[in-house]
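Right, one structure below, let's go through it.
Derivation of every value follows stated rules applied to the coordinates shown; laboratory data play no part. Every value quoted in this text rests on a predicted model; they were computed, and no experiment measured them. Here the Cβ is made from the backbone with ideal geometry for all residues, glycine too, and neighbour counts use every protein chain on show.
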Amino acid sequence: MRNHVHFIGGGQMSEAIIRALLKNRVFNSNNITVTDLNKEREQHLTETYQVVTDQKEEDVLTQANLIVIGVRPQDDLKTVCQTIYEHASDQATIVSIVAGVTIAQFEAWLDSDRAIARVIPNTLTDTGRGYSGVALNAYANQADLDPFLNGFGKVTHIDEALIDAFTGYGVAGPNYIYYFIESLVDAGVLAGLPRDMAWEVALENMVGAVEMLNESGKHPRQLLDINNSPAGVGMNGLHQLNASDFAAGLQRSVLKAVERTTELSNQEGD
Ligand SMILES: NC(=O)C1=CN([C@@H]2O[C@H](COP(=O)(O)OP(=O)(O)OC[C@H]3O[C@@H](n4cnc5c(N)ncnc54)[C@H](O)[C@@H]3O)[C@@H](O)[C@H]2O)C=CC1
Ligand SMILES: O=C(O)[C@@H]1CCC=N1
């Protein structure tokens, strides 16, 4: 069986994975096939990445060794699984990137002892950074899958019981950072800095602070101590942050994202 990945659903996440797989030369475009109910998406993917979208789904399913389910939890997953059940090779590994939906649900819908990987994919695929969280069923082989998974970022294999938490915290994680940076830049503008200057300084500080944490191995609180002179600027600023809902608001946001992930396992067909 040749190295061939087929995507069912060619939306934003599948596209981000495809772009990285091609950039990192894990697949050639003629070894990637995609079917999407939306023909404009198929056309876009073929025009942009030269992946194959004009074959019959039954045919590509028999040929693929990896089949990625890239539709939303609310889409008709049972029908997607029925099509896979009828046409896919027994040797193919099914890779679900669907948030919330469990391996047990897929095992029931696919009704066979086949390899299934539940992947919550990294969303920073263009950067070479970011983690995908992966849980495998008893028939899936990590060595077979890792070259594909590493093709769009770092990979951490975790117990399936942790995947919803990993989704809300880790995979939705860039959201919190984007929001923080946006809010911080607005603060710079509020204080009178030109927006482009505020933007450059915020990004540089963000990258530099992460490097400081990595290089020093210090806890953030230790670095905060060094940054704050007695009765000084930093400590006065931090006092306001301490008195705000910042930490609890952020933590509630992550917990809500985790809760929504779990809810999505029961949203099929909504
Ligand atoms: N966007 C993200 O950052 C992330 C998304 N995911 C998961 O990836 C999956 C897709 O999400 P997005 O790409 O954001 O959504 P999207 O809405 O951009 O893509 C879904 C695509 O599936 C197609 N589709 C629906 N039913 C289909 C069917 N039966 N056969 C073929 N195509 C079908 C739709 O036309 C659409 O193009 C979801 O399950 C989501 O939980 C996981 C992690 C991050
Ligand atoms: O918003 C979503 O549903 C997906 C899953 C985690 C991040 N993006």
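Remarks
- Charging the Cβ of each Asp and Glu at -1 and of each Lys and Arg at +1, and nothing else, the dipole of the range 5-163 about its Cα centre rounds to 600 debye.
- Since only Leu145, Ser183, Ala165 are under comparison, the one whose Cα sits farthest along the positive direction of the charge dipole of the chain, derived from C-beta charges on Lys, Arg, Asp and Glu, is Ser183.
- Contact order relative to length of the chain, as percent, for alpha carbon pairs under 8 angstrom and 6 or more apart: 18
- Placing +1 on the Cβ of every Lys and Arg and -1 on the Cβ of every Asp and Glu, with no other charges, gives the chain a dipole of roughly 640 debye about its Cα centre.
- Of the residues Val71, Ile84, Thr123, the one whose Cα sits farthest toward the positive end of the charge dipole of the range 1-146, with +1 on the Cβ of Lys and Arg and -1 on the Cβ of Asp and Glu, is Thr123.
- Per-residue [θ]222 nm for the chain (sum of -39500 (n - 2.57) over DSSP H runs n ≥ 4, rounded to 500): -16000 deg cm²/dmol
- When the range 1-55 is described by a simple charge dipole with +1 on each Lys and Arg Cβ and -1 on each Asp and Glu Cβ, the residue from Ile8, Leu22, Gln43 located farthest towards its positive end is Leu22.
- Scattering curve values for the chain, log₁₀ I(q)/I(0), Debye with Cα scatterers, q = 0.10 Å⁻¹: -0.61
- Look at where the Cα atoms of the range 102-118 and of the range 26-92 average out, and the two centres are 18 Å apart.
- Per-residue extension of 0.36 nm, minus the Cα-Cα distance of Leu223 and Ala247, leaves a gain of 6.9 nm for this segment.
- Arg129, Arg260 arranged by Cβ crowding within 10 Å, fewest neighbours leading: Arg129, Arg260
- The range 173-261: C-alpha gyration tensor shape, a/c 1.5 cut-off, then a/b vs b/c: rounded
- Exposure proxy order (Cβ contacts within 10 Å, fewest to most) of Val52, Val134: Val52, Val134
- Each eigenvalue of the Cα gyration tensor of the range 1-94, multiplied by 5 and square-rooted, gives one semi-axis; in descending order these are 19, 16, 12 Å.
- Sequence of Thr262, Thr156 once ranked by neighbouring C-beta atoms within 10 Å, starting from the fewest: Thr156, Thr262
- With 0.36 nm allotted per residue and the present C-alpha distance subtracted, the Leu203-Glu263 stretch has 18.2 nm of extension available.
- The length gained on full extension between Asn175 and Thr156, counted as 0.36 nm times the residue separation minus their Cα-Cα distance, comes to 4.9 nm.
- Spin-label model distance (nm) - Ser183 vs Asp90, 7 Å beyond Cα toward Cβ: 5.5
- Between the amide H of Ile116 and those of Ile94, Asn137, Tyr139, Ala140, distances stay under 5 Å, these residues lying 5 or more places away or on another chain, with hydrogens modeled in the peptide plane.
- In percent, rounded to a whole number, the relative contact order of the range 173-261 is 15, using alpha-carbon pairs under 8 Å and six or more apart.
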